[in-house]
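Here is the structure we will look at.
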Amino acid sequence: MPKLEVKNTDQDHQLQPILSELNNISDHIEASAIMSRDGLSVASVLGDGVDPDRLGAMCAALLGLADTTARELNRGELHQVLIHGSLGFMLITHVGDKAVLAVATKPGTNLGMVFLETKKASKKILDILNS
């Protein structure tokens with residue numbers, strides 16, 4: 001699996017506005033973060049008290065297990081993991097083969113909108129990471 005390396009602070013400054021824009025699309029989107037596939041935080045817009053490094057590690061662990069499960073059950077290549085809790089949703093999406101985008105929402109969120117906006121943000125993130 002290729003390693004994600006944030007090449008410079010300019011790249012970091014390009015990623016932060018994408019997350020801010022994603023969070024501002026809807027009052028239902030509460031937080032978002034970009035991390036490497038191995039869980040290192042790259043950029044984030046999170047609520048108070050949320051440690052981006054801890055979130056990255058947890059998302060990497062979830063994706064690792066989900067990737068293995070998808071392969072074991074012949075579901076093909078994993079694209080996303082959706083967690084539905086009593087206080088909202090967490091969508092974890094692969095961004096190419098190097099990064100992951102995690103988005104947290106409130107309950108009652110229009111998931112179609114979240115999927116669409118996450119897909120758009122993922123494309124923008126991938127373009128920056130590949131530049």
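The values are calculated or read from the model by the stated rules, or taken from the named source; none is laboratory data. This is a predicted model, so every value here is computed, not measured. Cβ placement follows ideal geometry from the backbone for every residue including glycine, while neighbour counts extend to all protein chains displayed.
Listed values, structure above:
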| quantity | calculated |
| --- | --- |
| Hits in the range 94-125 (condition: without any contact (Cβ under 8 Å) to a residue 40 or more places away in the chain, more than 15 Å from GLU30 (Cβ to Cβ) and part of a loop (DSSP other than H, G, I, E, B)) | GLY96 |
| Failed criterion for LEU73 (all others in (1) touching a residue at least 60 places away in the same chain (Cβ under 8 Å); (2) over 15 Å from the mean Cα position of the chain (by Cα) hold) | (1) |
| Every pair of residues 6+ apart whose Cβ atoms lie under 7 Å, when the first sits in the range 80-93 and is free of Cβ contacts under 8 Å to residues at least 40 places away in the same chain while the second is surrounded by fewer than 17 Cβ atoms within 10 Å (Cβ to Cβ) and in a loop (DSSP other than H, G, I, E, B) | LEU87/PRO107; THR93/HIS79 |
| Test result for VAL81, within 23 Å of HIS13 (Cβ to Cβ), among the β-branched types (Val, Ile, Thr) and not in a helix (DSSP H, G or I) | no |
| Any chance LEU116 is surrounded by fewer than 19 Cβ atoms within 10 Å (Cβ to Cβ) and under 19 Å from LEU15 (Cα atoms) | yes |
| Members of the range 12-30 found to be within 16 Å of SER122 (Cβ to Cβ), in contact with a helix residue (DSSP H, G or I) (Cβ under 8 Å, 6 or more places away or on another chain) and not in a loop (DSSP other than H, G, I, E, B), listed by number | GLN14, LEU15, ILE18, LEU19, GLU21, LEU22, ILE29 |
| Number of the condition not met by LEU87 [criteria: (1) closer than 23 Å to SER20 by Cβ; (2) touching an Asp or Glu at 6+ places or on another chain (Cβ under 6 Å)] | (2) |
| Given (1) over 17 Å from THR118 (Cβ atoms); (2) buried (at least 17 other Cβ atoms within 10 Å of the Cβ), number of the condition LEU87 does not satisfy | (2) |
| ILE34 vs. criteria at pLDDT 85 or above, within 24 Å of ALA61 (Cα to Cα) and not basic (Lys, Arg) | yes |
| Unmet requirement for SER44, which otherwise passes all of (1) touching a helix residue (DSSP H, G or I) at 6+ places or on another chain (Cβ under 7 Å); (2) closer than 20 Å to ASP27 by Cβ; (3) assigned to a helix (DSSP H, G or I) | (3) |
